[in-house]
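Worksheet for the structure shown next.
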């Protein structure tokens with residue numbers, strides 16, 4: 001039974017969905033994640049591996065342990081609610097892309113060596129970009145292109161790193177790599193870092209995800225960054241630099257999220273913020289921290305999926321997702337509102353919701369390792385999450401002032417998908433022991449004690465109080481139609497503008513050189529004309545006609561000459 | 001757009017909003033009182049401050065918003081900035 005790598009199920013579904021339509025295709029899309037999930041659950045146990053050899057290299061297409069299995073289950077769950085959410089979509093290429101993308105994510109987390117990982121890494125990039133392009137807008141096309149450049153660059157670095165690593169160590173096995181592996185370590189680290197949206201390498205995410213289709217963003221938010229978190233946890237656990245990177249990732253996006261108008265872009269910034277918690281956990285590297293990192297990845301895929309689904313439903317019904325134009329939608333979309341609020345409470349880590357049971361592990365690990373200042377910064381980030389994702393998202397979309405928009409409730413399939421995710425958010429939050437049992441490292445941890453619950457509730461309620469107070473005082477920044485400059489400015493504005501300027505300067509330089517030389521020549525000619533020499537016949541400037549005449553004479557002479565030579569011979 | 005026949009929704013009535021806010025303020029007060037009565041575990045020195053989390057949460061969010069507003073002066077551009 002366990003001779004079949006699970007990603008093949010998704011690839012087969014991708015192939016089948018190309019040839020089927022209507023109900024059969026819907027059944028295939030729904031059944032695949034369920035079958036794959038059950039197969040992982042029952043058919044593959046930790047320690048299973050499937051090897052194959054290519055050109056003399058022994059490669060491992062499936063290596064299962066608790067870490068990879070956890071992500072495997074997670075991706076099947078995400079594939080499941082993603083498929084329900086996209087059930088109404090008729091666009092074949094989106095279904096093919098979605099299934100291939102989910103399959104590639106599964107392939108990547110079960111890859112036992114760096115080459116197999118690289119193959120799935122690139123498949124993730126190529127399949128996912130179609131979910132952006134499928135939107136069909138000019139912006140989506142361009143954003144997809146920029147997204148693809150980043151993703152492929154990440155793949156190239158991974159391949160280069162893998163080859164150097166093989167050269168140094170003689171093995172391609174994907175286990176702990178660490179930065180002490182030198183150039184190879186750094187190349188792979190940056191490859192992972194791009195997909196993980198490290199600061200300054202993150203703009204493909206905030207640029208691309210909001211431009212994708214309504215259903216595509218749900219898939220996008222689940223897989224790429226989580227594969228990267230998995231890879232960091234396996235390859236670079238305990239690298240101290242990751243703590244610095246993770247804390248930065250948790251903190252800087254919340255400022256952007258507060259002033260961003262496109263609510264799906266707010267969620268994209270918030271995604272980086274949540275990945276920051278995971279990266280920090282990986283960086284701390286203790287068993288509790290690593291468990292926290294992967295557990296948080298697990299809850300994040302579900303609650304972030306739920307939030308993207310609710311905003312997607314708004315975009316689907318209203319055709320607009322700008323905070324400045326929405327408001328009062330709870331009147332026409334009450335169910336979507338309620339489900340969005342569940343997602344918002346989960347991401348904010350309210351007790352009884354999924355974010356609480358996973359994020360608190362990272363926070364406790366920071367405390368145990370005595371990282372006081374980082375802990376304070378992460379507490380700031382936690383308060384900020386509630387502020388921008390927990391309150392801002394539902395408030396500006398569904399409440400706020402009445403925008404006058406009256407629409408319909410989200411389609412049934414979307415409501416079902418959101419309900420599945422919302423149920424999981426609550427289930428994980430209330431019964432965390434089931435998630436904890438899946439965690440790869442042995443740790444005795446329980447989130448519900450008086451200190452945690454009281455502290456977290458206070459933090460969140462007073463963050464909300466700040467929101468209420470700022471609003472009442474009129475200090476809260478209004479939602480405005482705008483673009484906020486981020487690191488992408490360097491390649492979307494500075495470099496193109498710089499190139500433009502350079503070309504302009506060169507063009508002007510050329511003109512002035514040509515003018516100067518021409519003037520000099522004309523000046524010399526004038527001087528010459530004034531001199532007595534100009535009177536001699538030979539020094540007169542000849543008209544072009546005489547030039548042509550003399551050249552044709554020379555040619556005629558040559559022709560005769562050649563003929564005569566030919567006749568003589 | 002307001003249709004005269006349209007149903008009056010829950011937050012259309014100001015008294016409902018006020019009720020919600022009053023309940024919310026009451027919970028905030030209750031949380032501070034609980035903090036003074038109950039004993040929290042202390043990991044870092046600053047946690048000893050009474051209602052530390054409440055103060056921190058409030059100050060953090062106000063700072064966040066104030067700084068983010070200032071950032072707009074530097075970072076904000078027109079919606080078509082990159083499309084020009």
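The values are calculated or read from the model by the stated rules, or taken from the named source; none is laboratory data. From a predicted model like this one, the values you see are computed outputs, not experimental measurements. Ideal geometry is used to build each Cβ from the backbone, glycine not excepted, and the neighbour counts take in all protein chains shown.
Picking from residues in segment A:341-369 that are away from chain B (no Cβ under 14 Å) and in a loop (DSSP other than H, G, I, E, B), the one that is surrounded by the fewest Cβ atoms within 10 Å (Cβ to Cβ) is A:352. Is it the case that some residue within segment A:200-219 is over 26 Å from residue A:267 (Cβ atoms) and in contact (Cβ under 8 Å) with a residue 12 or more places away in the chain? Looking for residues that are over 26 Å from residue A:267 (Cβ atoms) and in contact (Cβ under 8 Å) with a residue 12 or more places away in the chain, one finds none in segment A:200-219, hence no. All conditions in (1) farther than 17 Å from residue A:384 by Cβ; (2) surrounded by 11 or more Cβ atoms within 10 Å (Cβ to Cβ); (3) facing chain A (nearest Cβ under 7 Å) hold for residue B:38, with the sole exception of (2).
Inside segment A:370-380, residues that are closer than 30 Å to residue A:478 by Cβ and more than 8 Å from chain B (Cβ to nearest Cβ) make up a count of 2. When A:259, A:245, A:272, A:254 are screened for being in contact with a strand residue (DSSP E or B) (Cβ under 9 Å, 6 or more places away or on another chain) and in the same structural domain as residue A:365 (by TED's automatic domain parsing), only A:259 passes. Would you please name the residue that is farthest from residue A:391 (Cα to Cα), looking only at residues in segment B:48-58 that are within 8 Å of chain A (Cβ to nearest Cβ) and surrounded by fewer than 19 Cβ atoms within 10 Å (Cβ to Cβ)? The extreme case among them is B:51. Close Cβ contacts (under 6 Å, 6 or more residues apart or on different chains) running from residues in segment A:402-414 that are within 12 Å of another protein chain (Cβ to nearest Cβ) to residues that are exposed (fewer than 15 other Cβ atoms within 10 Å of the Cβ) and part of a loop (DSSP other than H, G, I, E, B) comprise A:404/B:1. Candidates A:383, A:466: the one that is touching a residue at least 24 places away in the same chain (Cβ under 8 Å), farther than 24 Å from residue A:302 by Cβ and within 14 Å of another protein chain (Cβ to nearest Cβ) is A:466. Given the structure, is residue A:489 closer than 26 Å to residue A:252 by Cα and more than 8 Å from chain B (Cβ to nearest Cβ)? Against the criterion (closer than 26 Å to residue A:252 by Cα and more than 8 Å from chain B (Cβ to nearest Cβ)), residue A:489 qualifies.
On the given criteria, is residue A:87 assigned by TED's automatic domain parsing to the domain that holds residue A:15, in contact with a helix residue (DSSP H, G or I) (Cβ under 8 Å, 6 or more places away or on another chain) and either free of Cβ contacts under 8 Å to residues at least 24 places away in the same chain or part of a helix (DSSP H, G or I) (or both)? It would help to see each step written out before you state the result.
On the way: assigned by TED's automatic domain parsing to the domain that holds residue A:15: yes; in contact with a helix residue (DSSP H, G or I) (Cβ under 8 Å, 6 or more places away or on another chain): yes; either free of Cβ contacts under 8 Å to residues at least 24 places away in the same chain or part of a helix (DSSP H, G or I) (or both): no.
The answer is no for residue A:87.
State which residue is nearest to residue A:471 (Cα to Cα) when the search covers only segment B:63-84 and only residues that are part of a helix (DSSP H, G or I) and either more than 7 Å from chain A (Cβ to nearest Cβ) or in contact (Cβ under 8 Å) with a residue 40 or more places away in the chain (or both).
Going through segment B:63-84, the residues part of a helix (DSSP H, G or I) turn out to be B:63-75.
Those left that are additionally either more than 7 Å from chain A (Cβ to nearest Cβ) or in contact (Cβ under 8 Å) with a residue 40 or more places away in the chain (or both): B:63, B:66, B:70, B:73-74.
Details: B:63: 14, B:66: 12, B:70: 17, B:73: 20, B:74: 23 Å.
Ranking the qualifying residues of segment B:63-84, first place goes to B:66.
Any idea how many residues of segment A:469-482 are under 13 Å from residue A:400 (Cβ atoms) and facing another protein chain (nearest Cβ under 7 Å)? Before the answer, list the steps.
Of the residues in segment A:469-482, the ones under 13 Å from residue A:400 (Cβ atoms) are A:471, A:476, A:478-479.
Checking the rest, the ones that are also facing another protein chain (nearest Cβ under 7 Å) come to A:476.
Within segment A:469-482, residues that are under 13 Å from residue A:400 (Cβ atoms) and facing another protein chain (nearest Cβ under 7 Å) number 1.
Among the residues of segment B:13-24, those identified as more than 8 Å from chain A (Cβ to nearest Cβ) and either modelled with pLDDT of 85 or more or assigned to a helix (DSSP H, G or I) (or both) are B:14, B:15, B:16, B:17, B:18, B:19, B:20, B:22, B:23.
Of the residues examined, residue B:33 is one that is part of a helix (DSSP H, G or I) and more than 18 Å from the chain's Cα centre (by Cα). The C-beta contact set for segment A:476-503 (first residue farther than 17 Å from residue A:204 by Cβ, second residue assigned to a strand (DSSP E or B), distance under 9 angstrom, 6+ apart or interchain) comprises A:479/A:322; A:480/B:76; A:481/A:322; A:482/B:76; A:482/B:77.
Restricting segment A:443-463 to residues that are free of Cβ contacts under 8 Å to residues at least 40 places away in the same chain and surrounded by fewer than 21 Cβ atoms within 10 Å (Cβ to Cβ), which is nearest to the other protein chains (Cβ to nearest Cβ)? That would be A:451. Reported count of residues in segment A:212-262, each being more than 14 Å from chain B (Cβ to nearest Cβ) and in a loop (DSSP other than H, G, I, E, B), is 9. Please verify whether residue A:303 is within 14 Å of chain B (Cβ to nearest Cβ), under 30 Å from residue A:102 (Cα atoms), assigned to a helix (DSSP H, G or I) and under 23 Å from the mean Cα position of the chain (by Cα), treating the condition exactly as stated. When the stated conditions are applied, residue A:303 does not pass them. Restricting segment A:100-139 to residues that are assigned to a helix (DSSP H, G or I) and within 14 Å of chain B (Cβ to nearest Cβ), the residue that is farthest from residue A:217 (Cα to Cα) is A:138.
Every residue, every condition in (1) surrounded by fewer than 24 Cβ atoms within 10 Å (Cβ to Cβ); (2) modelled with pLDDT of 95 or more, yes or no:
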residue: A:180; (1), (2): yes, no
residue: A:184; (1), (2): yes, no
residue: A:203; (1), (2): yes, no
residue: A:215; (1), (2): no, no
residue: A:239; (1), (2): yes, no
residue: A:246; (1), (2): no, yes
residue: A:272; (1), (2): no, yes
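Going through (1) farther than 15 Å from residue A:338 by Cα; (2) within 14 Å of chain B (Cβ to nearest Cβ); (3) surrounded by 15 or more Cβ atoms within 10 Å (Cβ to Cβ) one by one, residue A:399 falls short only on (1).
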